[in-house]
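Every read-out reported here was derived from the displayed coordinates using simple, explicitly stated rules and does not represent laboratory data. The model shown is predicted, which means the values in this text are computed figures rather than measured ones. Cβ coordinates were reconstructed from backbone atoms using ideal geometry, including for glycine residues, and neighbour counts include every protein chain displayed.
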Amino acid sequence: MLKDVPVVPPDSVIHTFSHLKPSQVYLILTQDEDNVAHTSFILRNTEAIPVAIGRSKDSWSQYFLDAWFDPLYRAYAFQKAENHALEHIIQWHPTILAKLAMLDQRLLNSYNHPSKESEELATDVPSWQHDSHWQPGDLVVNFRGCVEAKDRDCEKEIKQHYRQWEDMVSRLDGHEARGKQ
């Protein structure tokens, strides 16, 4: 967990909690060089509470999703819609910030292309700022902006990673990598 880092990069005045324990985390997010990354996250599955007086079960995940998709935020016309709504609620609603853990982007949300900042990173940059480009061993690859970009071939980009996944599954099943059989 990244502790005491700006919630919204690079310089939000609101920081992640420095004392949060893993058992207290209900929402896991990453950041890219510009924003909180809303396209890949982990939300602890908590039981929904039926409307009944006296129930004390935890329904934090239901609360979080209701807050994020509240019509008030959806109608507010944030510039980047659900992404900016998410940034707003995690910064300004302590109930959400108190359950939030930020991870390095590449653990949960690697991009299949280098970030615009990756070539500019200096050695004295804080450890939570890093290249977002997918590398072997990363769990999730995100094809951010692929559909919107006129000069990118999404199918070709996906096939490259799919082949790597197939080879890894084959090796785990005890077979040689595809093409080497």
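Rounded to whole Hz and in sequence order, give me ³J(HN,Hα) for the range 159-173 from the Karplus expression 6.51 cos²θ - 1.76 cosθ + 1.60, θ = phi - 60°, writing x for Gly and Pro.
Result, ordered by residue: 4, 4, 6, 5, 4, 4, 5, 4, 4, 5, 4, 4, 5, 5, 7 Hz.
Taking the simple approach of a point 7 Å from Cα along Cα-to-Cβ for both Q135 and A149, what is their distance in nm?
2.0
Take A81 and F41, extend 7 Å from each Cα along the Cα→Cβ direction, and tell me the distance between the two endpoints in nm.
1.5
What does the charge count around N142 come to, taking other residues whose C-beta lies under 12 Å from its C-beta (Lys +1, Arg +1, Asp -1, Glu -1)?
Here the charged neighbours net out to -1.
Could you order the peptides 32-42, 66-76, 147-157, 98-108 from most to least packed, using the average number of other C-beta atoms within 10 Å per residue?
Ranked by mean Cβ neighbours within 10 Å, highest first: 98-108, 32-42, 66-76, 147-157.
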